[in-house]
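This report concerns only the one structure given below.
The values are calculated or read from the model by the stated rules, or taken from the named source; none is laboratory data. Quick caveat, the model's predicted, so the values are computed rather than measured. Note that we place each Cβ from the backbone using ideal geometry, even for glycine, and neighbour counts take in every protein chain shown.
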Amino acid sequence: MEVDLRALENKLTNLLAQLDGRENELLVKLRAIEVPPEANTASPPESAPETSRAEDKPPSLKAQILNAAVEDAILAVLRSWDTRLKSAKIAEELIAAGYPFPSGNPRDFVTNELQEMASANKIKKVKTVKGTYFTLP
């Protein structure tokens with residue numbers, strides 16, 4: 001009976017890990033295809049300008065973190081996703097955006113910084129059965 005419970009627990013843990021990975025994949029795909037609600041209308045509203053202005057668009061993540069301190073860069077990633085993220089995903093996003101990490105392992109660097117930020121109540125640390133996540137307070 002105990003062996004069966006361990007086997008079921010291992011299976012459940014593996015399934016949760018797979019679901020977590022799939023959730024992140026789907027979020028990335030969703031972000032890539034999301035269209036503002038105004039763009040879904042058949043004809044533009046009468047008051048809409050014919051050309052979009054570049055200054056109306058929020059800066060890209062890469063532009064936000066270009067010369068930012070690591071705390072500001074992490075906050076920019078959390079704001080851009082608007083959901084809780086694991087430290088590895090935050091590091092992955094910073095690497096993809098070209099954040100200039102000091103030498104060493106970027107994931108360890110980000111994990112240590114996240115712990116410090118959570119301790120200082122700058123971000124929220126959430127522990128679940130799937131792992132530890134970080135989010136905006």
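Observations on the model:
- Glu116 charged (D, E, K, R) and in contact with a helix residue (DSSP H, G or I) (Cβ under 7 Å, 6 or more places away or on another chain): no
- Per the listing Lys29, Lys86, the residue uniquely charged (D, E, K, R) and either at pLDDT below 90 or out of contact with any Gly (no Cβ under 9 Å at 6 or more places or on another chain) (or both) is Lys29.
- Residue in the stretch 101-112 that is in a strand (DSSP E or B) and touching a residue at least 12 places away in the same chain (Cβ under 8 Å) present: no
- Across the stretch 57-102, the qualifying residues are those that are in contact with a helix residue (DSSP H, G or I) (Cβ under 7 Å, 6 or more places away or on another chain) and among the acidic types (Asp, Glu), and the one among them that is surrounded by the fewest Cβ atoms within 10 Å (Cβ to Cβ) is Glu71.
- When residues of the stretch 103-124 are limited to those that are farther than 21 Å from Gly21 by Cβ and touching a Phe, Trp or Tyr at 6+ places or on another chain (Cβ under 9 Å), the one surrounded by the fewest Cβ atoms within 10 Å (Cβ to Cβ): Lys124
- Looking across the stretch 62-100, the residues that are closer than 24 Å to Val126 by Cα and assigned to a loop (DSSP other than H, G, I, E, B) come down to Ala69, Asp82, Thr83, Arg84, Lys86.
- Of the residues making up the stretch 81-123, those that are small (Gly, Ala, Ser) and more than 18 Å from Gln64 (Cα to Cα) are Ser87, Ala88, Ser103, Gly104, Ala118, Ser119, Ala120.
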